[in-house]
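Encoded as structure tokens, the structure appears first; notes follow it.
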Amino acid sequence: MRKTMDIPAEPYAFALNLRQCALLIIDMQRDFLEPGGFGEMLGNDVSQLRRTIEPNRRLLAAWRAARLLAMHTREGHRPDLVDLPPAKKIRGRSATCIGDAGPMGRILVRGEPGHDIISELYPASGEPVIDKPGKGAFWATDLHAILQHRGIKQLVVTGVTTEVCVNTTVREANDRGYDCLVLEDCVGSYFPEFQATGLKMIKAQGGIFGWVSNSDAVIEALAA
Ligand code: TIU
């Protein structure tokens, strides 16, 4: 297999280097995606996120078949909530908030059923899982160290939600010197207008934060 391949993307082709790339799947957690979870409890339309499951499943299968590094993140907090900023806890003025009993265990608490990754995309043995207390995957985690140790310079980013944890992570990655390729069918927002704008903000101004493509483009390149 060639080591560098051009992936059709916007604003221009992304030169994927198989020696220096990783797949980063953001927060595909039960509480955000499953009917009856925290996301739906807040009144969100989880079908907007669930359409990303099958493209992510196909992409992850192709990525694993190519023996490339896949990583997963989960947003959540320690059971004693010492890593939960009080401002995050009270934001939204919801009757039920992070740390409280929710439909799938305590909301966004590590170790609870709702905090875990959906079965369709469950991490395989050896695939690093980054537990993050914030929206960005770099804040207060060892993600940057792990990527540096492996010589990773490019991230293919998927997951949820497009304008929150995906965008925050791409911006953090950009400032740390990584090139990010975001796959539009593999990222989702509860709000269609934020899905569209969240992607536009990444690829605007010559790719100010990164590139946007789709899963078929990557899968086809890996198969070539
Ligand atoms: N993972 C992620 O995006 N966390 C959020 O809280 N997203 C919302 O859209 N609320």
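The values are calculated or read from the model by the stated rules, or taken from the named source; none is laboratory data. What you see is a predicted model; the values in this text were computed from it and never measured. Methodologically, a virtual Cβ is constructed for each residue, glycine included, from the backbone with ideal geometry; neighbour enumeration extends over all protein chains shown. Protein only, heavy atoms only, side chains kept; ligands, DNA and RNA dropped before computing areas. Shrake-Rupley method; radii C 1.70, N 1.55, O 1.52, S 1.80 Å.
Only one of the listed residues (Pro55, Pro11, Pro35) is free of Cβ contacts under 8 Å to residues at least 12 places away in the same chain and either more than 14 Å from Thr161 (Cα to Cα) or among the charged types (D, E, K, R) (or both). That residue is Pro35. Of all the criteria given as (1) touching a residue at least 24 places away in the same chain (Cβ under 8 Å); (2) open to solvent by less than 30 Å² (accessible area, probe 1.4 Å); (3) under 18 Å from Leu33 (Cα atoms), the one not satisfied by Gly105 is (1). One residue is enough: does the range 4-20 have a residue meeting the conditions open to solvent by 30 Å² or more (accessible area, probe 1.4 Å), more than 26 Å from Gly92 (Cβ to Cβ) and among the β-branched types (Val, Ile, Thr)? Scanning the range 4-20, I find at least one residue that is open to solvent by 30 Å² or more (accessible area, probe 1.4 Å), more than 26 Å from Gly92 (Cβ to Cβ) and among the β-branched types (Val, Ile, Thr), so the answer is yes. Pull up the range 11-57, narrow it to residues that are farther than 23 Å from Leu181 by Cα, out of contact with any helix residue (DSSP H, G or I) (no Cβ under 6 Å at 6 or more places or on another chain) and assigned to a helix (DSSP H, G or I), then point me to the one that is farthest from the ligand (Cβ to nearest atom). Once the filter is applied, the top-ranked residue is Ser47. Of all residues in the range 47-75, those that are of a type outside the set (Gly, Ala, Ser) and open to solvent by 10 Å² or more (accessible area, probe 1.4 Å) total 13. Mind listing just one residue for me: the one in the range 121-152 that is open to solvent by 50 Å² or more (accessible area, probe 1.4 Å) and in contact (Cβ under 8 Å) with a residue 12 or more places away in the chain and, of those, farthest from Ala15 (Cα to Cα)? Of everything passing the filter in the range 121-152, Ala140 is farthest from Ala15 (Cα to Cα). Screening the range 153-167 for residues that are touching a residue at least 60 places away in the same chain (Cβ under 8 Å) and open to solvent by 10 Å² or more (accessible area, probe 1.4 Å) and picking the one that is farthest from the ligand (Cβ to nearest atom) gives Lys153. Against the test of being more than 11 Å from the chain's Cα centre (by Cα), in a helix (DSSP H, G or I) and modelled with pLDDT of 95 or more, the options Val218, Val212, Val170, Val164 yield a single qualifying residue, Val218.
The criterion of being within 16 Å of the ligand (Cβ to nearest atom), more than 21 Å from Cys186 (Cα to Cα) and at pLDDT 95 or above holds for Asp100.
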